[in-house]
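Since the structure comes first, as structure tokens, the remarks are kept for the end.
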Amino acid sequence: MDNDSVATAYTTVDGDFAAELEIKRSRFITYLRRVDSEAAARALVAELRKKHFDARHHCSAFILGPDRTAMRSNDDGEPSGTAGIPMLDALAKRETAPGTTDLSDIAAVVVRYFGGILLGAGGLVRAYSESVSTALDAAPLLRRERLRILGVDADYAAAGRLENDLRAAGIQVLGTEYGPRLATLRVALNDQAPVLAAFADRLASLSAGASTATNLGTEWVDVR
């Protein structure tokens with residue numbers, strides 16, 4: 001991804017995930033977590049230091065922000081450049097679609113239990129890179145998109161049917177809020193004029209002209 005552009009979508013890990021590799025008797029346990037701040041990424045490291053208090057290394061890397069403006073790594077006692085940077089490269093260079101490298105809001109921690117056999121600098125680089133890549137191969141991922149949010153008002157009696165009809169048409173409904181007189185459905189749409197115009201036409205048809213949409217701005221939305 002070009003960091004000079006403004007992202008409208010990116011990919012992240014769907015929650016927490018863990019995977020383990022054994023390489024020349026050393027155990028490499030990789031933890032992936034969706035995070036939204038540097039503090040959250042560091043909290044994962046602290047959590048795993050307590051959980052795996054007897055491990056020799058707790059190496060880490062994380063990427064934050066839709067435009068991936070924050071990237072950090074830490075070797076945690078391994079020779080400089082043999083753990084954190086390979087882990088960060090595995091995250092940053094992961095293709096989530098052909099030609100697309102947009103993984104973000106993700107922290108990776110590799111816990112190493114030393115098995116008594118030295119791997120050498122090259123071996124460590126390969127081991128830490130492979131550990132993160134293998135975990136990513138199996139981890140559940142999801143898309144995040146910046147979408148236009150519309151509020152659609154409806155009578156209480158019509159709200160449930162209208163929500164079902166919109167979902168059946170493939171339109172993402174984030175939820176329904178019930179006010180004193182009307183229910184308001186929060187709808188997320190691709191922020192393009194043809195898409196919004198088509199939605200207005202569909203809404204008029206489904207509600208027989210009884211419901212209108214109000215622009216509520218844009219939000220980042222999980223798209224599963």
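Values in this text are rule-based calculations from the coordinates and carry no lab data. Keep in mind that what you see is a predicted model, and the values were worked out from it rather than measured. Quick reminder, even Gly has a Cβ in these numbers, built from the backbone with ideal geometry, and neighbours come from all protein chains shown.
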Margin query: Quick check: the distance between the Cα centres of region 3-81 and region 157-194, to the nearest angstrom?
Written below: 37
Margin query: With the crude spin-label approximation of a point 7 Å out along Cα→Cβ, what separation in nm comes out for Arg42 versus Ala208?
Written below: 6.0
Checklist line | Neighbour-count order for Thr12, Thr101, fewest beta carbons within 10 angstrom listed first | finding: Thr101, Thr12
Checklist line | For the chain, diffusion coefficient by Stokes-Einstein and Kirkwood Rh (Cα), 10 °C, 1.306 mPa s, µm²/s | finding: 80
Notebook entry, point to check: For region 42-145, which trypsin sites (Lys or Arg not before Pro) are in a loop by DSSP, counting at most 12 other Cβ atoms within 10 Å?
Noted result: Lys93
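I want the antiparallel fraction of DSSP beta bridges within the chain, as a percent rounded to 5.
Details: 56 of 57 bridges.
Close to 100 percent.
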Check: Near Asp137, within a Cβ-to-Cβ distance under 15 Å, what is the net charge of the other residues, with Lys and Arg +1 and Asp and Glu -1?
Finding: -2
Margin query: Testing the spin-label approximation: label points 7 Å from Cα along Cα→Cβ at Ala18 and Leu142. State their distance in nm.
Written below: 2.1
Item checked: Neighbourhood charge, 9 Å Cβ-Cβ cut-off, centred on Leu21 and excluding it, Lys, Arg +1 and Asp, Glu -1 -> -2
Check: With labels modelled as points extended 7 Å from the Cα through the Cβ direction, what inter-label distance (nm, one decimal) is found for Ala168 paired with Ala97?
Finding: 2.9
Next item on the list: Read phi for every residue in region 77-86 and hand back ³J(HN,Hα) as whole Hz from Karplus 6.51 cos²θ - 1.76 cosθ + 1.60, θ = phi - 60°, with x for Gly and Pro.
Entry: x, 6, x, 3, x, 9, 10, x, 5, x
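What FRET efficiency do you get for Lys51 and Ser80 if R0 is 41 Å and r is their Cβ-Cβ distance, rounded to the nearest 0.05?
Working: r = 26 Å, r/R0 = 0.63.
Computed FRET efficiency for Lys51 and Ser80: 0.95.
Using the beta-carbon distance between Trp220 and Tyr178 and R0 = 25 Å, what value does 1/(1 + (r/R0)^6) give for FRET efficiency, to the nearest 0.05?
Working: r = 25 Å, r/R0 = 0.99.
Working from the Cβ atoms, E equals 0.50.
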Margin query: On a full-extension model of 0.36 nm per residue, what is the gain between Asp67 and Glu130, subtracting their alpha-carbon distance, rounded to one decimal in nm?
Written below: 20.2 nm
